[in-house]
Every structure is written in structure tokens, then in C-alpha cells.
Amino acid sequence: MRIERISLHHLRMPLVAPFETSFGREVDRECILVILDAEGLRGYGECVASRDPGYSYETTGTAWHISRDFIGPSILGSDIQSVVDFRRTIDRIRGHNLAKAGFEMAMWDLIGKRTERSLRELLGGHKTRVEVGVSVGLQESPDTLVDVVGSYLKTGYGRVKIKIKPGRDVADARAVRTAFPALRLQVDGNSAYTLESSQGLKPLDEMNLLLIEQPLFEDDIWDHRRLQAQLRTPICLDESIVSPRHARYALEMQACRIINIKAARVGGLSQALEVHELCASHGIPVWCGGMLETGVGRASNLALASLRGFTLPGDISASDRYYQRDITNERFELDSESMISVPAAPGLGVTLDESAVSDYTLRREELGGHSF
Ligand code: OSB
Ligand code: MG
């Protein structure tokens, strides 16, 4: 398919409630919407880089630069037949996984629309509904946290993740565990600890948590191995797994017992499939992480999570947990079993609310052709 035109939209969308992690507090979420036009079809992708380099070194600013000046020009006017072709075309661009993944998502959407197959079918997913949980940010106090968790439980979420940071960990987790003794509960440190400061997390080992997510630095697979050896609770890596190779290193080192897969973090859905395969061959459970996606990225996450190895609930909550007004006409709802249906229409299976897109657009750029 010849890529005739590329549109980039830098969006800023108000969140329903502020989201606070060990690396900061977000009131709005920024991302880049990638639109590829080819053969009368239009593919959508979401680049999940955020405004600040907190979770990742990439930001909407760096992703904009890489997308406009390198990825876009590499594929504009090219005849790209497959995701393999796409990856070969952008091979020479080092790093910048979040930027690459936004384009790759749009390629999958295009290919699905051309072949009239859903992304779930293209990826080989077998589930038509997937089990999900909710990720709850840091709150003012343990009491507020218990209230917020309680309100999500009333909404129907069957698994909860709470964010932790040094000084706001054991007491927060204990408060939630005491209030909800049977809750499927996990915590996420977002790289805020060192091997030394993580020693204070030992009491978490007595709280029957599903997992402890990414306590140590992104580049610290080795110390995760040392910490895992001291804990009964599985460590789950998020930030550290930036490629299928890193997943292999972590598994060979026994640095974790669970992996959170985010297609963006590993450079795209095709790499996410590789991580999924690798984990399956090691008997390591995986689950689909989230980046507060719009309906575009959420559709992609649901399709990925439909694969067999995704045996733990994903951070893929209902649309109303994130945005009052989303950029897709489709909204995702939680059912009575804490599940969300995987879109079945070709490609991502979502359509754009163009007036919402234009209301949220901070800047846009067109490469090739005229603007829409
Ligand atoms: O570490 O999983 C994370 C959001 C932004 C950046 C990093 C993370 C998160 C979440 C939110 O935990 C998950 C979601 O999209 O609901
Ligand atoms: Mg995480």
C-alpha cells in the first residue's frame, strides 16, 4: 500500500481525575494521533509518549520530532505491504520506541481495513472479551485511597493496582488490604526505589499481593533479580522491558516472574507479539499494561490482550475511567464480570470523532497531500 499522506495531531485531553504516580501528577494527558492514508483507506495510531519524560525518556515533543522528521519521511510515498516491510523501512532509526509504535499501530489498522480483518484476528487472539482491572494513582492519604478503591469496586472492577512511592507504600497497601481482604491487589513503584530503599517494601510480602511492579530503575534488571530472590511475591517488570531481548535477559536472570506488556514500550505490536511468545515458552504469565490511552490505543490494547498468554487482568479500564469525551465514537464499557469486549470490526475497529480531535489538537502537521 502506498502511504500517500500522513497527519500528526498533538492532542491534550482533560482526564476525568488527576493521575499521580511516583514520577508526577497528570491532570491532562497528551499524546500524538497518527493518521496514515493509503489506497482510500485511513489507519489510526496512538503514540503514548506523554508531556514529561517521567515514565520514559520520550515525550510528546521528542516523538513529534522523530515522527515528523524521520519516521514520516521514511514511509511517505513508499509501498508498504506488511508490518515487516514497515519495520524494515524504519530500521535505521535508533530508539524512540513510543514514536515507532504509534506508526506501527496505524499500519496494522490499515492492513486490517484492507483485508477486512480485525486486529484481534490479525494478531491471532482468541478471546472476544478480556478481563481488566483499574490502576489507581497516589491519593492524599490512605483513607482517601481506600474510598477511591471502594468506588472502583462498586463500579465492578475485580482487580486493583495502586501506585506506590517511597514513604507512600506499606501503609497505603496495608490500608487497602485491611479494608478489602479478598481483593486481587497489586502495586506499582514506577522505578522509584533502589535496591537499598526497596528493603522497606518487605512488609508487602505479607499482604498477599498479585505482584509488585517495577520497583527499581529501568536499566536495573540485575538488581531486580536480587530483590526477587528476597521476595515471595512475584516481581513484574514494566519499564525495564524495552525489547524482546530485554525480556529474554530478565527471564534468563530470573529478575521477575511476570511481565507487563505495553506494545509502545517495546516498539510496536509486532515486538509485543515476540515478548508474548517468549514468555509463553518460559511459562511466564503476561498482562497488558496501559498508558491512559484514548479509544484508539485502548482498541489496540484489547486486541493484544485477547492473546492466549495474557492470563492476568490488564490495565485497560472503561472509557469513563479516563475521559468524559474521548476521540473515538466508540466507548468501552465494563461488564458485570470485570471484562471489556474486544472490537470486532476491521483493523482497530474504531472511528474518530473528528470534532473531538480538533477540539483537543494543540498542533498538527501534514506530510504529503492536503489537510483534512
Ligand atoms: O506504570 O503502568 C504504568 C500510566 C501512565 C504511565 C505508566 C503507567 C500508567 C498506569 C495507567 O498505570 C494504566 C492505565 O492506562 O489505566
Ligand atoms: Mg507500570
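Data overview
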| item | result |
| --- | --- |
| Members of region 8-40 that are hydrophobic (A, V, I, L, M, F, W, C) and either over 19 Å from Gly297 (Cα atoms) or open to solvent by 10 Å² or more (accessible area, probe 1.4 Å) (or both) | Leu15, Val16, Ala17, Phe19, Phe23, Val27, Ala38 |
| Residues of region 71-97 classified as farther than 15 Å from Gly45 by Cα and either small (Gly, Ala, Ser) or surrounded by fewer than 16 Cβ atoms within 10 Å (Cβ to Cβ) (or both), total | 15 |
| Region 98-133: number of residues that are closer than 21 Å to Thr62 by Cα, among the charged types (D, E, K, R) and open to solvent by 10 Å² or more (accessible area, probe 1.4 Å) | 1 |
| Selection count where residues are open to solvent by 40 Å² or more (accessible area, probe 1.4 Å), of a type outside the set (Asp, Glu) and more than 13 Å from Asp109 (Cα to Cα), scope region 41-70 | 7 |
| Sole exception among (1) within 21 Å of the chain's Cα centre (by Cα); (2) in a helix (DSSP H, G or I) for Arg265, by number | (2) |
| All positions within region 148-181 that are closer than 20 Å to Ser319 by Cβ, open to solvent by 30 Å² or more (accessible area, probe 1.4 Å) and of a type in the set (Phe, Trp, Tyr) | Tyr152 |
| Condition met for Gly283 (of a type outside the set (Phe, Trp, Tyr) and closer than 21 Å to Gly54 by Cβ) | no |
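Results for (1) out of contact with any strand residue (DSSP E or B) (no Cβ under 9 Å at 6 or more places or on another chain); (2) open to solvent by less than 60 Å² (accessible area, probe 1.4 Å); (3) in a helix (DSSP H, G or I), shown as yes or no for each residue.
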{"residue": "His276", "(1), (2), (3)": "no, yes, yes"}
{"residue": "Ser281", "(1), (2), (3)": "yes, no, yes"}
{"residue": "Arg298", "(1), (2), (3)": "no, yes, yes"}
{"residue": "Asn301", "(1), (2), (3)": "no, yes, yes"}
{"residue": "Ser336", "(1), (2), (3)": "yes, no, no"}
{"residue": "Pro343", "(1), (2), (3)": "no, yes, no"}
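The values are calculated or read from the model by the stated rules, or taken from the named source; none is laboratory data. No experiment lies behind these values; they were computed from the predicted model shown. Here the Cβ is made from the backbone with ideal geometry for all residues, glycine too, and neighbour counts use every protein chain on show. To get the accessible areas, we keep the full protein, side chains included, count just its heavy atoms, and leave off ligands, DNA and RNA. Shrake-Rupley method; radii C 1.70, N 1.55, O 1.52, S 1.80 Å.
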